[in-house]
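Presented below is the structure to which this report refers.
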Amino acid sequence: MSDYQGEKFREFLVSHKIAKTKAATLLGISRSAIYDYFDSENMSRETVNKIILTFNTTEAEVFGIYNTQILNNLQHNKLNESSDNHLVNAKIIDNLPYPIEQGETPFINLSDGQYLMIMPLVSEYAYAGYLSGFADPIYIEELPKHSIIVQKQHKGNYRAFEIVGDSMDDNTKESIPDGSIATGREIVQDYWRSKFHTHRYKDYVIVTKNDGIVIKRIIDHDVEKGIITCHSLNPDKAIYADFKIELKDVQQIFNIVNVSISR
């Protein structure tokens, strides 16, 4: 067996007869990104946890080594200490218990004041099913998982969405490009009667009853009429003109707090 983790992950898929395209879909990444996984010699902690959570397995089964050994390798550059001290600084990461309470966001303590926050991922292929299943805890539990590293255990209901299309891409650092993953914190409907904090959170995932999942910048919120004005970052306004949505036609709203972009 090869020593580097990407090859071990590829061998895991082969041994379990999981097609590469299916694996990419379950992980919520592009087909090209799965090959980047295979080429990786040192996967990030976020990627390792995404794999074991998505495929309901263990690090030992996928990579042939135990949690502390993987964390040693991941922390090598960060700690910049001799190899004799690596095991002392390693921290065992337990398996994450599922199911969890509805609305609860699970965290894994990575030590050094960092946590891996894990949330359901709505991939491109799950968009249609999400409209009817978003309130079903069993449906949400069965979605693949996405994770980001944070500095504290945030409160609230978080969800990740794969971005489809280029409406939010203007080739600047604020872009939310096709194939990226946007993590959002749900704004409960009781707060829709107050003006959204668009000065702090500019971009949103809007789950509508009729038009599906929309990722837009909200540039105006008419609280009295219950109407939001949505804006695309793409400068082609002949295709991506601003438009209004009545909140009575909306199921959920998430303010985007993180965007993960695969390179």
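Values in this text are rule-based calculations from the coordinates and carry no lab data. None of the values given here were measured: they were computed from a predicted structure. Using ideal geometry, Cβ is built from the backbone for each residue, glycine included, and neighbour counts are taken over all protein chains shown.
Once R0 is set to 25 Å, what does the formula 1/(1 + (r/R0)^6) return for the Cβ-Cβ distance between D236 and F134, expressed as a FRET efficiency to the nearest 0.05?
Approximately 0.25, to the nearest 0.05.
In whole Hz and in residue order, list the ³J(HN,Hα) couplings for segment 43-56 that follow from phi through the Karplus curve 6.51 cos²θ - 1.76 cosθ + 1.60, θ = phi - 60°; x for Gly and Pro.
Each residue of segment 43-56 in turn: 4, 6, 4, 4, 5, 4, 5, 4, 5, 5, 6, 5, 9, 6 Hz.
Report the GluC sites (Glu not before Pro) located in segment 170-246 that are in a DSSP loop and have at most 15 other Cβ atoms inside 10 Å of their Cβ, or state none.
Numbers: sites: E174, E186, E224, E246; in loops: E174, E224.
Those satisfying the criteria are E174, E224.
I need the phi-derived Karplus couplings for segment 176-191: 6.51 cos²θ - 1.76 cosθ + 1.60, θ = phi - 60°, integer Hz, Gly and Pro marked x.
So the J values, rounded to whole Hz, are 10, x, 4, x, 6, 10, 9, 9, x, 9, 5, 9, 5, 4, 4, 8.
Show the residues, 5+ positions off or on another chain, whose built amide H is closer than 5 Å to the amide H of I187.
Distant-sequence amide H within range of I187: I253, F254, N255.
Scan segment 138-180 for trypsin sites (Lys or Arg not before Pro) in coil per DSSP, keeping those whose Cβ has at most 16 other Cβ atoms within 10 Å, and list them by number.
Numbers: sites: K145, K152, K155, R159, K173; in loops: K152, K155, K173.
Loop-located and lightly packed - K152, K155, K173.
Identify the trypsin sites (Lys or Arg not before Pro) of segment 217-262 meeting these criteria: DSSP loop state and at most 12 other C-beta atoms within 10 Å of the C-beta.
K225, K237
Find the centroid of the Cα atoms in segment 14-64 and in segment 213-229, then give the distance between the two in whole Å.
Answer, in whole Å: 37.
For segment 9-59, I need the span (max minus min coordinate) of the C-alpha atoms along each principal axis, in Å, sorted largest to smallest.
Projected onto the principal axes, the Cα atoms of segment 9-59 cover 23, 22, 19 Å.
Explain nothing, just compute: Karplus ³J(HN,Hα) = 6.51 cos²θ - 1.76 cosθ + 1.60, θ = phi - 60°, for every residue of segment 160-169 in order, whole Hz, x for Gly and Pro.
Result, ordered by residue: 10, 10, 6, 7, 10, x, 10, 5, 10, 10 Hz.
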